[in-house]
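Peer 1: Please see the structure below; I have some questions.
A short reminder: the numbers here are calculations on the coordinates, not readings from a lab. All of these numbers come straight from a predicted model, not from anything done at the bench. Heads up, the Cβs are rebuilt from the backbone with ideal geometry, glycines too, and the neighbour counts pull from every protein chain shown.
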Amino acid sequence: MPTNDLTDFQFLAEHSVDIICRAGLDQVIRYVSPSSFQLLGWKPEEMVGKGPAAFILPEDLPAVAAATAQILAPGALSGSATVRMRKKDGTAVWVEMNARLVRTTSTGEPTEYVLVIRDISERKKLEDKLSALALTDDLTGLANRRAFDQALKREWMRTLREGSEVSLLLLDIDRFKEFNDRYGHQVGDDCLRAVAAAVSGAVRASDSVARYGGEEIAIILPSTFIAGAVEVAEKVRCAIAALHISHEGNPEGGDGVTVSIGAATALARVGGTMRMPESLLLAADHAMYKAKREGRNRVATSLLIAYVPGKPAV
C-alpha cells in the first residue's frame, strides 16, 4: 500500500466510530483502530496478535467461518457476519462484521483482510422486540398460534431425539359465546385475559402456553406422561374456577366461568404411521370435545403410542 494511501487509511481508521481492523490470511489481527476501546473496552494493542476466538463468543464462530468461506469463493471480495463480541468487562455486544479481501494488483493473490466492526446492539434489541411481538397474542400476552406451531414442532423433535414423551393440553372456555352475548365482548376480552393469567400461573416454568385461537388455549408439557398431564390439567381447571367470574349461562359450572380440557400424550417409539405432531394436536382436540360431551368443566384424555415411522433422527 503506497504511503499516501496508508496515511489516508490511518486517518479514516483513527477517526471512525466503527472499529477498523487489518488481519492476515490467518485471521490474526495486525492493526486495530482506537475505537476498539470505546466499543469493547480493549485497547488496540491488547487485540493485535490475536484471532477471532479471543473476542467472539464460541457459539458465533461458525458464522465467522461461513463469512470467511464466502469471501474466498471465486469472484467474491467481501462477506459479513452478525456475531457477539466479548468486551473486556466480560459482557458481550452484538456487532456486524464486514470484511473485504485485499489482493495484490499484479498477481491478484490475496494478502489480508480489512474488517469494519459496527455496534448493532440497539438494532438487535429492536429486532428482538419486533420478533417477540410477532409471536405474541395482543389480547392475552400469551404466545400466539404461530409461536405455538413452532414450539410444538421443536418439542416433538426433542421427544424424538430422546425417545421420551410429550403431552398437550387443549382447553376451551365453556359456553363462551353465551358469555359474550350476555356480558358483551369487552367483558369477554377481560375474561380471556384473566383466564390466560390463571393458566400461566398454574403451569410449570418448563411448559409452553399459547392462545390457540378464539377462546382456546394450548399448553405443551415436555417429558410428561398422561398421568402428569392430567395433574397439570386439573390444576389449571381449578385455578380458572377459582377466579369466580360470573357466567349465568354456564349451569354446568355453577354459573361461573369454567373450562373443558383435553389432555393427550404421545410416546416416541419406533413403528406406526401416524403423522406427528399433528396427530397429537388432533387427539387433544378430540379429548377436549369429549370433556364437553361428558358435561363440561372437566378433563378428558387420549394416549398415542408408538407413532414414529422408522428410526428417530438425531
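Peer 1: Using r as the Cβ-Cβ distance of S246 and K290, and R0 as 30 Å, what FRET efficiency do you calculate, to the nearest 0.05?
Peer 2: Computed FRET efficiency for S246 and K290: 0.65.
Peer 1: Expressed in nm², what is the orientationally averaged projection area of the convex hull enclosing the Cα positions of segment 135-304?
Peer 2: The directionally averaged projection comes out at 9.1 nm².
Peer 1: Also: I'd like the orientation of helix 3-14 relative to the chain: the angle between its Cα long axis and the longest Cα principal axis, in ° from 0 to 90, rounded to 10.
Peer 2: With rounding to tens, the tilt is 30 degrees.
Peer 1: Can you work out ³J(HN,Hα) from phi for every residue in segment 94-99, in order, using Karplus 6.51 cos²θ - 1.76 cosθ + 1.60 and θ = phi - 60°, giving whole Hz and x for Gly and Pro?
Peer 2: Calculated HN-Hα couplings, in order: 6, 9, 10, 9, 10, 10 Hz.
Peer 1: A further question follows. Quick one: if the Förster radius is 22 Å, what FRET efficiency do R193 and E278 give, using the C-beta to C-beta distance and rounding to 0.05?
Peer 2: The value I calculate is 0.15.
Peer 1: Scan around T111 for amide H atoms under 5 Å from its own, H built in the peptide plane at 1.01 Å from N, and keep only partners 5 or more places away or cross-chain.
Peer 2: Answer set, sorted by chain and number: V102, R103, T104.
Peer 1: A further question on this structure: Where does segment 53-136 land on Rg/Rh, using Cα atoms and the Kirkwood Rh?
Peer 2: The Rg/Rh ratio comes out at 1.09.
Peer 1: Based on alpha-carbon positions alone, could you give the equivalent ellipsoid semi-axes of the chain from the gyration tensor, as √(5λ), descending, whole Å?
Peer 2: For the chain, the ellipsoid semi-axes come out as 57, 24, 15 Å.
Peer 1: In addition: Per-residue ellipticity at 222 nm for the chain, helices alone: DSSP H runs ≥ 4 residues times -39500 (n - 2.57), over residue total, nearest 500 deg cm²/dmol?
Peer 2: -12500 deg cm²/dmol
Peer 1: With +1 on each Lys and Arg Cβ and -1 on each Asp and Glu Cβ, and nothing else charged, work out how big the dipole of segment 135-304 is about its Cα centre, in Debye to the nearest 20.
Peer 2: For segment 135-304, the charge dipole is close to 560 debye.
Peer 1: Sequence gap at least 6, Cα distance under 8 Å: using those rules, report the relative contact order of the chain to the nearest whole percent.
Peer 2: The value is 13 percent.
Peer 1: Could you sort the peptides 89-95, 263-269, 51-57 by per-residue average Cβ neighbour count (10 Å cutoff), highest mean leading?
Peer 2: By packing density, highest mean first, the sequence is 263-269, 51-57, 89-95.
Peer 1: So, one more: Could you work out how far apart the two model spin labels at S16 and D181 are, taking each label as a point 7 Å from the Cα in the direction of the beta carbon, and quote it in nm?
Peer 2: Spacing of the two 7 Å Cα→Cβ label points: 6.9 nm.
Peer 1: Could you compute the FRET efficiency for L72 and L139, with r as their C-beta to C-beta distance and R0 at 45 Å, rounded to 0.05?
Peer 2: 0.35
Peer 1: Using 7 Å Cα-to-Cβ label points, what is the T82/A65 separation (nm, one decimal)?
Peer 2: The two pseudo-label positions are separated by 2.1 nm.
Peer 1: Any idea which of L40, I226, I120 is furthest toward the positive side of the dipole for the chain, if Lys and Arg beta-carbons carry +1 and Asp and Glu beta-carbons -1?
Peer 2: I226
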